[in-house]
Structure formats: C-alpha cells, structure tokens
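What follows is a short report on a single structure.
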Amino acid sequence: MNKEMEISDAVVDALLEKLLLEGSASGYHLNPDREFTRELVRSLLVNQERYGYWACPCRLAAGDKAVDLDIICPCDYRDADLNEFGACFCALYVGLEILAGKKQAAAIPERRPNRRARTRPPASERRAAMSATSGTAPLGKLSQQVWRCKVCGYLCARGDPPEVCPICKAKRDRFERFI
C-alpha cells in the first residue's frame, strides 16, 4: 500500500488546524485554497514518515536531516519569499494580499543554493571552525541583519523585518534595524 494512502484525512485535518492556529498566532497565514493546502500538509506528513522530518514538499530532500535543515518546514526561505513574492516557495504560507484574494500566488524562483554549496564540511572542520569563533561572529560579520520590534522588543535576524511581529502582532513598519 502507498504511504500517502495510509495517512488519514482526520490526521491531515488535525495538523492543518494546528498549523492554522499556530501560524495566525505568529502572524503567518496558510494558503486559503483549502484542498491545495490539505495536499501540502499531507505531503509534509508523508515526508515525516519517509525522513523523520517535514521536508518541504516542493523540493527534493536528501534524506539527511543535517543537509536538509534549510528546507524543513517552515523553511529558511519562507520569510524572504513572503516578503518578495507574497508566498513561500510551495505556497503553503501566503501574505495578506493572497489571503484576501487580491493577488494570486505565482511561480517563485528557487533561493536554495545548489547541492555542492550546501554540502557539510567534515566534522573535524566544523569543530575547528566552532572553536576558532567560540560560536559567535563579530557584529560586522553577521550573515543577516537584526531587526527589533519597537513595540515589544522582539528580535529577529533576517534580510527584512517580518510582515507582522509574531509576539505583539505589530506591522512591519514598527520594526527598526537593531544591528
């Protein structure tokens, strides 16, 4: 029997409701196309069975959690895709315009680096790098900007501030560059 067939509609619906509640509480919105979204959620559950984690259903997973960390849902690219295109790569998460039906989700270019660029260095190199930096980076060499919500003080490190603060629900314009 096919694994997709083993996942009941009740399990899919329960996870979908959980994601809807958690997402809205954090300022994120699921795609309003209920059947499309149910199939994405079903695919997350299939990938959970296959790999032990929620690999993005629209990307080819390696089956190695360390290699796939960037595409475990919600993936590392979700917020940048939401900010730039109004939806994440697989369109599970959407912005307010798509949620309100004012805009349709469209094809989004792949942000994920190619496999060679993602390959993990050997453990000895990772340990040496960690001990050399003591797990910290100088402020001038951070890989992302740090944004601060002026309402509640929430900090996040990413290219752009979130659409809505996940803590106090303040809009993007209430964020300031912190570092």
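Would you call A170 more than 18 Å from the chain's Cα centre (by Cα), modelled with pLDDT under 90 and over 27 Å from D33 (Cα atoms)?
Details: more than 18 Å from the chain's Cα centre (by Cα): yes; modelled with pLDDT under 90: yes; over 27 Å from D33 (Cα atoms): no.
Answer is no for this residue.
Scanning segment 21-53 for residues that are at pLDDT below 95 and either of a type in the set (A, V, I, L, M) or outside the structural domain of L99 (by TED's automatic domain parsing) (or both) yields L21, A25. Selection of first residues in segment 39-59 that are under 16 Å from A10 (Cα atoms) and of second residues that are surrounded by fewer than 16 Cβ atoms within 10 Å (Cβ to Cβ), restricted to Cβ pairs under 7 Å at least 6 apart or on distinct chains, gives the following pairs, ordered by first then second residue: R42/E4; L45/V11; V46/K3; V46/E4.
As a summary of the residue check, G23 satisfies the conditions (1) in contact with a His (Cβ under 7 Å, 6 or more places away or on another chain); (2) surrounded by 18 or more Cβ atoms within 10 Å (Cβ to Cβ) except for the one numbered (2).
In a loop (DSSP other than H, G, I, E, B) and hydrophobic (A, V, I, L, M, F, W, C): which single residue out of A80, A107 fits that description? Unique residue meeting the criteria: A107.
The values are calculated or read from the model by the stated rules, or taken from the named source; none is laboratory data. These figures come from a predicted structure and were not determined experimentally. Here the Cβ is made from the backbone with ideal geometry for all residues, glycine too, and neighbour counts use every protein chain on show.
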